[in-house]
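**Student:** Quick one: this structure, given as structure tokens, is what I'll be asking you about.
The values are calculated or read from the model by the stated rules, or taken from the named source; none is laboratory data. Fair warning: this is a prediction, and the values are worked out from it, not measured in the lab. As a convention, Cβ positions derive from the backbone with ideal geometry for all residues, glycine included, and neighbour counts pool all protein chains shown.
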Ligand SMILES: C=C(O[C@@H]1C=C(C(=O)O)C=C[C@H]1O)C(=O)O
């Protein structure tokens, strides 16, 4: 049976609550489990994940704004738009801490600050 469920984000989703082996009920549809204790713990963890995501988004936006300000300040003073040696340092920092995903993340961070090349 397909049932409309309001997600914690407020958006409406359709869930199959009776598909073979799947947990049933609206709480199960939200957390993916029928077990009340597991659902409770998942809810707690998700609240912290949501906090972290909000912080990450705010930091992302702050970093991009700061990076844009550096670029504008440098160009207004006759300098270059980019400083590739500095970008390499940042890429290496993220790669050494996070591996290949860190490199991808740093590339996105750098792009957010200066736009696509
Ligand atoms: C912000 C700067 O300008 C550019 C953007 C960078 C960044 O987003 O970290 C790094 C180097 C520069 O290409 C900087 O020189 O520090």
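**Student:** Is it fair to say residue 20 is at pLDDT below 95 and more than 11 Å from the ligand (Cβ to nearest atom)?
**Tutor:** Values: at pLDDT below 95: yes; more than 11 Å from the ligand (Cβ to nearest atom): yes.
Yes: the conditions hold for residue 20.
**Student:** While we're here: Any residue that is assigned to a helix (DSSP H, G or I) and within 13 Å of the ligand (Cβ to nearest atom) - is there at least one of those in the stretch 46-55? Spell out the reasoning first.
**Tutor:** Our first condition is that a residue be assigned to a helix (DSSP H, G or I); within the stretch 46-55, this holds for 46-55.
Subset that is within 13 Å of the ligand (Cβ to nearest atom): none.
Among the residues of the stretch 46-55, not one is assigned to a helix (DSSP H, G or I) and within 13 Å of the ligand (Cβ to nearest atom), which makes the answer no.
**Student:** Kindly indicate which of 111, 63, 46 is surrounded by 11 or more Cβ atoms within 10 Å (Cβ to Cβ) and either touching a residue at least 40 places away in the same chain (Cβ under 8 Å) or at positive phi (or both).
**Tutor:** Working: 111 fails: either touching a residue at least 40 places away in the same chain (Cβ under 8 Å) or at positive phi (or both); 46 fails: either touching a residue at least 40 places away in the same chain (Cβ under 8 Å) or at positive phi (or both).
The conditions single out 63.
**Student:** Also, I was wondering about something else. With respect to residue 40, determine if the residue is within 16 Å of the ligand (Cβ to nearest atom), without any contact (Cβ under 8 Å) to a residue 40 or more places away in the chain and surrounded by 10 or more Cβ atoms within 10 Å (Cβ to Cβ). Full working, then the answer.
**Tutor:** Numbers: within 16 Å of the ligand (Cβ to nearest atom): no; without any contact (Cβ under 8 Å) to a residue 40 or more places away in the chain: yes; surrounded by 10 or more Cβ atoms within 10 Å (Cβ to Cβ): yes.
No.
**Student:** Sticking with this structure for a sec: Test residue 103 against the criterion of being more than 30 Å from residue 33 (Cβ to Cβ), away from the ligand (no atom under 12 Å from the Cβ) and surrounded by 10 or more Cβ atoms within 10 Å (Cβ to Cβ), and give yes or no.
**Tutor:** So residue 103 passes the test.
**Student:** If you check 110, 66, which single one turns out to be within 12 Å of the ligand (Cβ to nearest atom) and touching a helix residue (DSSP H, G or I) at 6+ places or on another chain (Cβ under 6 Å)?
**Tutor:** Only one candidate qualifies: 110.
**Student:** Return the residues of the stretch 76-88 that are more than 8 Å from the ligand (Cβ to nearest atom) and either surrounded by 12 or more Cβ atoms within 10 Å (Cβ to Cβ) or in contact (Cβ under 8 Å) with a residue 24 or more places away in the chain (or both); say none if nothing qualifies.
**Tutor:** 79
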